[in-house]
Amino acid sequence: WYQRRVHVILLSYLMPSTVKDKDKEREKQEKIRRINKCLSSNPVDVVSLVHLARSEGGLINDETRRRAWPKLLGITLADENDKSWKDSIVPHKDADQIERDIERSLYHFDVNKTIRKAFRSVKRDELSRIINAVICRNPHLNYYQGFHDICSVLLLVGGEQLGFHMTERVALFYVRDAMNPSFDQGITQSLELIPLILQECDSEVHHVLQTSETPLYFSLPWILTWFSHRLQTFSVITRLFDFFMASHPLMPVYMSVAVILYLRDGILKLDSELSSVHHFFQQLPDDLPVEELCTEALRLYRTLPPLKLIRHHRVKIDSSSPLFTFPFPWMNNYTEGFRSTSTVIQRARKRHLRGSSLPAAIMEKAARKYDASVLANVKQHLRHALSEGLAVGSLAAIVAAVSYFSFHS
């Protein structure tokens, strides 16, 4: 009787967790099935993939990430198979700094703790080729310290070939403002949004940071490396990468605010000394509740969208920034507070059918609503598209221009 009683008690404790684990595993498998369905559709269902990447658990594992990340970044099958990038590496001004950073790389992720020295050396050679090729193929980009952390994650998930193409897309569309000749030409302006968001959502935390006169540069490594420099658990880092690739380029800024709000209790206990506040932010807890933070960052983004903040507070961000081209053209009809590119094209085409050329119809529509700086940018994109030899009436000829001013519609 005693033994049976013990067994019953033990089973009563074990059964719920076992059932819960089975339910979680079933949910994971169902989500993987949905991800695979998006990837196997023709064309790929990027809109659904975006929502899956943002939702709880993200893209589940590195196997699905290896297939899904390229699609979130607009990489085609032809791009994936293009190996010509390896021939583009030549000496350049950032080469020495890149090599110094690579010598310190591939150490702090938990998955790298036990790898052999020879394997780490191979991966560093691959990392070097990837970063140098991105800089050489895109001479308008400037390397910054921390870019190698993002590249390391992409390399470890995708391998060298796919890692290069993912790195190039991230550089061109997500972190390009950080790759200007100076941080004052892009990333500094992005940092200015943090106190603006805090002021709207938590005046007490905002007051502590303002009173201590703490420079917001404590959050710079978070934004520049997508938190991969501050965190060590690779599964947490890749989950954040799912979220960032499926979101606006400024989402790391919103995530930074979400982290600050999560640390609220500790911040309010600090004195107003700059040194204590600065020290507080130097180490992030590695057990951050990543799913809660993603939900909060998304809520902040929807409540205080980037364009609203930039316009209302007159934050000076260059009109050529990729911040103004989201949703990106490969995201099909994905919209989130923006008028979709296809809607703008459709309306412009009605004018085109009434006798105007399609670019002229676009300019006519834009001229009635936007200031000279926006019009100049639209013209620049049109000229570039047409100079590439694209037909005047084709969708491809205008998508770059329309993607810019559809954000402003």
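Apart from one condition, D96 fits all of (1) closer than 25 Å to P181 by Cα; (2) of a type in the set (D, E); (3) in contact (Cβ under 8 Å) with a residue 12 or more places away in the chain; the exception is (3). When residues in region 39-51 are screened for being part of a helix (DSSP H, G or I), open to solvent by less than 50 Å² (accessible area, probe 1.4 Å) and free of Cβ contacts under 8 Å to residues at least 24 places away in the same chain, 1 of them pass. A Cβ distance below 9 Å, combined with a sequence gap of six or more or placement on separate chains, defines the contacts here; from region 241-256, residues that are free of Cβ contacts under 8 Å to residues at least 12 places away in the same chain reach no residue that is assigned to a helix (DSSP H, G or I). Pairs linking a residue in region 60-81 that is open to solvent by less than 70 Å² (accessible area, probe 1.4 Å) to a residue that is of a type in the set (G, A, S) and not in a helix (DSSP H, G or I), with Cβ atoms under 6 Å and 6 or more positions apart or on different chains, are L72/A246.
Name the residues in region 224-240 that are of a type in the set (S, T, N, Q), touching a residue at least 40 places away in the same chain (Cβ under 8 Å) and in a helix (DSSP H, G or I), would you? Of everything in region 224-240, just one residue is of a type in the set (S, T, N, Q), touching a residue at least 40 places away in the same chain (Cβ under 8 Å) and in a helix (DSSP H, G or I), namely T238. Under the condition of being open to solvent by less than 70 Å² (accessible area, probe 1.4 Å), farther than 13 Å from W222 by Cα and in a helix (DSSP H, G or I), the residues counted in region 253-289 number 8.
Within region 98-147, the set of residues being of a type in the set (A, V, I, L, M) and assigned to a loop (DSSP other than H, G, I, E, B) comprises L106, I115, L141. Looking at region 290-335 only, could you name the residues that are open to solvent by less than 20 Å² (accessible area, probe 1.4 Å), hydrophobic (A, V, I, L, M, F, W, C) and not in a helix (DSSP H, G or I)? The answer is L304, V315, F326, F328.
Determine, yes or no, whether T188 is part of a helix (DSSP H, G or I) and either open to solvent by 10 Å² or more (accessible area, probe 1.4 Å) or farther than 19 Å from T238 by Cβ (or both). Yes; evaluated as a whole, the condition is true for this residue. Within region 90-134, being more than 18 Å from L154 (Cα to Cα), among the β-branched types (V, I, T) and surrounded by 14 or more Cβ atoms within 10 Å (Cβ to Cβ) holds for no residue.
For F243, the conditions (1) closer than 21 Å to S182 by Cβ; (2) within 8 Å of the chain's Cα centre (by Cα); (3) outside any loop (DSSP other than H, G, I, E, B) are fulfilled apart from (1). Scanning region 145-162 for residues that are modelled with pLDDT of 95 or more and farther than 16 Å from I237 by Cα yields a count of 4. Can you spot a residue in region 170-177 that is buried (at least 19 other Cβ atoms within 10 Å of the Cβ) and more than 13 Å from the chain's Cα centre (by Cα)? For region 170-177, residues buried (at least 19 other Cβ atoms within 10 Å of the Cβ) and more than 13 Å from the chain's Cα centre (by Cα): absent. For the criterion of being at pLDDT 90 or above, open to solvent by 60 Å² or more (accessible area, probe 1.4 Å) and out of contact with any strand residue (DSSP E or B) (no Cβ under 6 Å at 6 or more places or on another chain), R54 fails.
The set of residues in region 220-252 being of a type in the set (F, W, Y) and open to solvent by 10 Å² or more (accessible area, probe 1.4 Å) consists of F234 alone.
The values are calculated or read from the model by the stated rules, or taken from the named source; none is laboratory data. What you are looking at is a predicted structure, and each value in this text was computed from that prediction instead of being measured. Positions of Cβ are backbone-derived with ideal geometry, glycine not excepted, and every protein chain shown enters the neighbour counts. Just the protein is used for accessible areas: all its heavy atoms, side chains included, with ligands, DNA and RNA removed. Shrake-Rupley method; radii C 1.70, N 1.55, O 1.52, S 1.80 Å.
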